[in-house]
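Remarks on the structure that follows.
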Amino acid sequence: MRLTRRTQIAVAVIPLLAAFATVTARAGSPAVVRGDQAASAKGSATQARAAKPAANQAVRGGKALTSAEECGRCHQDIYRYWKASLHAQAADDTRFQAVFVKLKDESARTDLDQLCLRCHAPALLQGQDYKWEKKVSWEGVTCDFCHSVRGIRADTKAPFVLDVGQVKSGPLRDAQPTVHVARYADTFSSSMLCNPCHQFTNEHGLDVLSTYDEWQSSPYPARSVTCQNCHMRNTSGKVVDPKVKRVASSSVNLHEMPGGHSITELNRALQAVIASERHGNTVDVTVQVSNRGAGHRLPTGSPLRSIVMVVQVDGGTGKPQTASRTYGRVVVDENNQEATDEATVWLRGTRVVRDDRLAPTERRVEKFSFQMPANTPVRAVAKFYYHYSPTAASKTDSGMPFLSVSSWLDAGAVK
Ligand code: HEC
Ligand code: HEC
Ligand code: HEC
Ligand code: HEC
Ligand code: HEC
């Protein structure tokens with residue numbers, strides 16, 4: 001079966017991703033990275049693997065990619081969705097730039113372009129535009145990067161097999177464009193296309209991003225549900241401007257890639273059911289929390305993401321009582337200090353000390369007890385907040401509210 005084969009490929013690729021972080025650029029000429037220079041300062045097992053010359057087009061550079069604006073002349077609808085995605089903002093996002101520029105200023109490392117930009121600005125590396133002069137470099141995960149991919153190979157430093165130029169690869173078997181050549185590639189319907197950027201182990205062995213692995217070990221691959229099935233649903237739109245070509249299909253794959261920044265997606269992912277019972281002066285609140293809609297842990301991605309549930313019980317005394325649960329990961333650095341910003345997580349994170357995120361399809365029952373005078377009506381509410389503040393404001397920000405469920409007990413109601 002199709003899936004079995006993909007599963008095997010995936011298994012082969014993941015251990016190799018560990019060497020991702022050991023690529024080092026030669027100071028002064030960052031354009032060419034060869035495997036024999038790739039040994040990191042700290043010798044490790046990954047060093048041996050890094051000794052093979054890397055043939056990564058995305059890193060070695062070559063023909064420049066075309067700007068999304070050019071593709072958008074004919075693929076207007078897809079362009080519009082993509083433009084609203086975080087992929088389009090991966091390079092010019094102020095939060096990314098703030099962390100990246102600060103790191104480059106303060107860190108002695110010379111490999112930061114190679115390390116960070118292969119996911120955040122792959123077109124910059126491809127076009128060797130280290131001074132950020134080309135528009136396409138700022139376009140983050142741009143059209144022409146993904147659609148130049150012919151396949152994914154089991155080589156950590158060169159995961160993408162690229163064919164840059166006339167050929168645009170995609171999911172359509174019968175596309176007949178005019179200005180460029182179209183080629184079908186099965187990678188576009190496979191989660192493997194997302195793997196090189198959504199699965200990452202740093203040089204200390206920390207799985208900074210493990211979204212792909214989380215999906216891989218979930219029930220979804222067996223149900224043939226890929227990343228694209230959830231994140232690139234079919235939506236109405238024209239594949240190409242009808243003035244250029246009339247195509248039968250009236251739908252496109254949603255290129256907006258909604259995720260944790262979308263309240264709709266969060267509500268699709270998390271389900272909560274609340275119940276309360278009174279036993280004398282005690283009110284017991286039970287909240288069933290389920291990850292019903294995310295094909296990976298909830299939340300996934302950066303360890304700085306978390307979901308907080310705040311349970312509030314109000315017995316009409318004007319003084320509500322609260323309790324909370326946090327679903328997230330805690331990562332520490334080499335000194336066992338909690339990593340609270342993206343730079344520390346990526347470069348110095350060494351281990352996960354807590355991971356209580358909700359596994360795919362998991363249902364967890366959370367119980368709380370509150371002391372409340374009998375004979376008063378009680379209202380119990382569970383509110384959910386999504387937190388993501390990579391620039392270290394995480395401790396103070398109040399998060400994005402997305403879901404609230406409540407239950408009531410009448411005065412004196414005893415079960
Ligand atoms: C002058 C108009 C035009 C421009 C500019 C253009 N395309 Fe296309 N593209 C088309 C047409 C026409 C088709 C064919 C649609 C069909 O037959 O279903 C197409 C098809 C495609 C396909 C489908 C291929 C497949 O087999 O799945 C992809 C992917 C694609 N284009 C990507 C791009 C990218 C990326 C750019 C910018 C670098 C771009 N296009 C620029 C007109 C254009
Ligand atoms: C993150 C990688 C990625 C980026 C960036 C991206 N695409 Fe796609 N594109 C895909 C995938 C994957 C599919 C197929 C989805 C599926 O079949 O489930 C696709 C499908 C398409 C198709 C075929 C029609 C359709 O909607 O299925 C066209 C045309 C296309 N993309 C053009 C573009 C253009 C133009 C841009 C930029 C404005 C762009 N893509 C950006 C990954 C990407
Ligand atoms: C070239 C690297 C690259 C590829 C390939 C890629 N992504 Fe991404 N993706 C990123 C980066 C970088 C971000 C974060 C952008 C930011 O916030 O600065 C991101 C963000 C996202 C988000 C946004 C989450 C949110 O917070 O809302 C989703 C969802 C996503 N990607 C899904 C996918 C899927 C599905 C695929 C495969 C079809 C894919 N990506 C392929 C690099 C990539
Ligand atoms: C069964 C549907 C489903 C599948 C399969 C799925 N996702 Fe998601 N994903 C979601 C939903 C719903 C959310 C929003 C909830 C959340 O924040 O986790 C999400 C969120 C995300 C985010 C934002 C981080 C976060 O947790 O807020 C990223 C990045 C992402 N997905 C990438 C991927 C990648 C890469 C794959 C494939 C390896 C994938 N997803 C497979 C449904 C899915
Ligand atoms: C393997 C691909 C990959 C590499 C390498 C990578 N990132 Fe990211 N980065 C991502 C993805 C994917 C996200 C989206 C976060 C998520 O899924 O939770 C992200 C998110 C971020 C964010 C948050 C952006 C936002 O919109 O809030 C910052 C900041 C960031 N990365 C900085 C860096 C820095 C600095 C480096 C280099 C030290 C780096 N990243 C290397 C893939 C990567």
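We did not get these values from a lab; they are worked out from the coordinates using the rules stated. Model, not experiment: these values are computed from the prediction. As a convention, Cβ positions derive from the backbone with ideal geometry for all residues, glycine included, and neighbour counts pool all protein chains shown.
Here are some notes:
- Neighbourhood charge, 11 Å Cβ-Cβ cut-off, centred on R173 and excluding it, Lys, Arg +1 and Asp, Glu -1: -1
- For the range 289-333: relative contact order, % (alpha-carbon pairs under 8 angstrom, 6 or more apart): 37
- In loop segments of the range 320-388 as defined by DSSP, there are no trypsin sites (Lys or Arg not before Pro) with at most 11 further C-beta atoms inside 10 Å of their C-beta.
- Over the range 263-409, Cα pairs under 8 Å with separation of 6+ residues give a relative contact order of 31 percent.
- Of the chymotrypsin sites (Phe, Trp or Tyr not before Pro) in the range 124-214, those whose Cβ has at most 15 other Cβ within 10 Å and which sit in DSSP loop: W132
- Neighbour net charge for L304 - beta-carbon separation under 10 angstrom, K R +1, D E -1: 0
- Local electrostatic count at L358 - Lys and Arg +1, Asp and Glu -1, tallied over other residues with Cβ under 15 Å: +4
- Two-site FRET efficiency, V167 against K243, from Cβ-Cβ distance with R₀ of 22 Å, rounded to 0.05: 0.40
- Length available on full extension from K102 to Y184: 0.36 nm per residue minus the Cα-Cα distance, which gives 25.4 nm.
- Net length gained if the chain between K319 and S369 were fully extended (0.36 nm per residue, minus Cα distance): 16.4 nm
- Gyration tensor (alpha-carbon) shape descriptor, the range 255-318, a/c threshold 1.5: prolate
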